[in-house]
Every structure is written in C-alpha cells, then in structure tokens.
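Everything on this sheet refers to the single structure shown next.
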Amino acid sequence: MGFGEGLLHLLLVVVQALALLVPLLIGVAYLTYAERKVLAAIQLRKGPNVVGPFGLWQPFADAIKMLMKETIIPAGSNRLLFLMAPMLTFGLAMIAWAVIPVNDGWAIADINVGVLYLFAISSLGVYGIIIAGWASNSKYAFLGAMRSAAQMVSYEVSMGFVMVSVLLCVGSLNLNDVVMAQRHVWFAIPLFPMFVVFFISTLAETNRAPFDLPEGESEIVAGFFVEYSAMAFALFFLGEYANMILMSTMTSILFLGGWLSPVGFLPSGPGWLVLKIVVVLFMFLWVRATFPRFRYDQLMRLGWKVFLPFSLAWLVLTAGVLLAMGWLPHGA
C-alpha cells in the first residue's frame, strides 16, 4: 500500500469513527434527559421542562455548566492518576464500539474475534474506577472502588458463560455472524433464561440500580467519584451512560437479532437495531425506578451462588442439545 492509499484509508477510518461516535455522544446526552423524564413519569413528576421546549436543551445546559466549573484536585491525591482515571473510563467506553456492526458488514473493524474484543474492553473498564478510588486518597472513594472491582469481576464470569452459550449456537466470534444466525429465530427465545441472566449482569457490570453499590449515596456519599468535579466528573458520567448504550447494543445483537426485522415482510436495517437499543435502555431506567438497592452480601451471593452455577449448567445443557441433535456448527 502506497503513502497516498494509506492516508486515504486512515481518513476513511476517521470518518467512519466520527460517523459512529458523534451520534453516540448525542445519544448519551439525551439518555440523561430520557432517564430524568422516565423517572419523573414513574414518580408522577414533570422532570426537566424549563430549558427549551419540553426541556430538550437541558443536556446542553448541563454540558455548559460542567465546562465552566473549576476542576478541584484534592491536596493529598495523586494528580496524574486522578485526572487519568476518568479519561481511561471514557476512552474505553468509546473504543469498544469499533467492532459493533450497525448493519450487515457495517462495522469500523469487522474482525473475527469481535466478541472476545468486547469482553476484553469491558474487563478493562474496572481499572479506571480502581485508579480513581485509589488516587483520590479518600476512604469513601477507595471503598467504592473496591466494591466496584469485586462486583464487575463477579458478574463478568456469568456474562462470559452466557456469551459462550450464544457462540456455541453460532460457531463464530464475529458479531456480524451472530446477528445473521438469528434470521429465523432470535436467541432470546431458545436461550431465554440466559437472556435474563445477561440483562441482569449488564446492570451489575455498569453499576446501575439496583446494583449501584459502588456509588451508594446512603453509606459512602458517591463512591469512587466522590472527589471529582467539573469535566472530570462529567467524563465518568459520560462513560457510564456510554457503557449502558454499549451493553444494550450487545443485548440486542446477541439475543434480539440486531438490525434484523422482527417480521419477514419488513426490510431489515439499522433502524431496527436503534429501536431495540431504546427498548433495552428503557428497561434499564424502569429497573432503576422500581427496585431498591441490594445489600452487598446479596449482590455477591446472586453473582456467585445463583448466576454462576445456573449459567454454567445452561451452557452444558445447550452444548448437549446441540450435539445430540447434530446442530453444533462447524468450528464451535
């Protein structure tokens, strides 16, 4: 490849990345608005309704406020790591989207180990939180970081077994192949228990209610980001909501047929994927408004004594059924 071709290829990748990340960031901004509106409706309140028509400019007002605030760095903190932690969290939430297909063959990096890549990126997410908790030099922040580390590691094990169950049915680690394998039936139907386990595990993985123990306001103020302010806090906030959208997308791709139409006579396309993501995100918000926070021992027991043995048993059952029926794909 010559210099001109290489430059053109690089420019094309940058354009593709911007075409994906700009709508994603706008989606993150309006997810915060949607969350406040949904919670308000469930609690019989109005929610944001002052800034612009129906409060639609509220996310931009929040962004301007965060940009204008002063970033306060605690005197006893490690300044470099303190500022690096939110950047790491936000950066990982963005680069995970490189392998997400939004239509047949439409992915920035259509690699054959897409699921493995996503699993690796989600596993790295805990480092930003641990670094933030340690670098803040605060007992509250450090306790929140320790909680988060244990929580994310615990539920990643179950998520891994769920993903392996899906991959056994597909015979490929490519996310495009995972979607195309659901042309006749979505995996949410034959693997419904694993779909439920995966969704609940995504709540724990993203530190969302009722598993928001790392930021438990009632006992540790705000957890790992208690010392953060201004844009450093905003990056954590953006990272959390971007991870929510990512996990909703993963749920849609693994179990709900991705961009495929639910009925044969309607054309498939990215619009279906967006609709499915919105439905799963609404479930995230609905759960937050409905369930009280778990105790920490209940959280750990659910992960290790319920989800882990159940997902392992269902994985063995799935492999046994596929082998007995002769449906095990080549390469599985």
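The values are calculated or read from the model by the stated rules, or taken from the named source; none is laboratory data. Quick caveat: nothing in here was measured; it's all calculated off a predicted structure. Note: ideal-geometry Cβ built from the backbone for every residue, glycine included; neighbour counts use all protein chains shown.
Structural remarks
- Taken as a whole, the structure places Leu322 among residues that are touching a Leu at 6+ places or on another chain (Cβ under 6 Å), assigned to a helix (DSSP H, G or I), over 20 Å from Leu20 (Cβ atoms) and of a type outside the set (Gly, Ala, Ser).
- Residues in the range 34-68 that are farther than 20 Å from Ile245 by Cβ and in contact with a Pro (Cβ under 7 Å, 6 or more places away or on another chain): Gly55 alone.
- Sub-8 Å Cβ pairs linking a first residue in the range 62-75 that is part of a helix (DSSP H, G or I) to a second residue that is modelled with pLDDT under 85 and not polar (S, T, N, Q), at least 6 apart or interchain, are Met66/Ala230; Leu67/Ala230, ordered by first then second residue.
- Pro292 in a loop (DSSP other than H, G, I, E, B) and either farther than 22 Å from Gly160 by Cα or modelled with pLDDT of 90 or more (or both): yes
- The C-beta contact set for the range 34-54 (first residue without any contact (Cβ under 8 Å) to a residue 12 or more places away in the chain and on the phi > 0 side of the Ramachandran plot, second residue in a loop (DSSP other than H, G, I, E, B) and surrounded by 14 or more Cβ atoms within 10 Å (Cβ to Cβ), distance under 9 angstrom, 6+ apart or interchain) comprises Phe54/Pro48.
- Test: residue in the range 78-98 that is touching a residue at least 40 places away in the same chain (Cβ under 8 Å) and among the β-branched types (Val, Ile, Thr): yes
- With respect to (1) of a type outside the set (S, T, N, Q); (2) buried (at least 19 other Cβ atoms within 10 Å of the Cβ); (3) within 29 Å of Gly144 (Cα to Cα); (4) at pLDDT below 85, the lone exception for Ala107 is condition (3).
- In the set (1) over 26 Å from Gly171 (Cβ atoms); (2) not in a loop (DSSP other than H, G, I, E, B), Leu266 fails one condition alone, (2).
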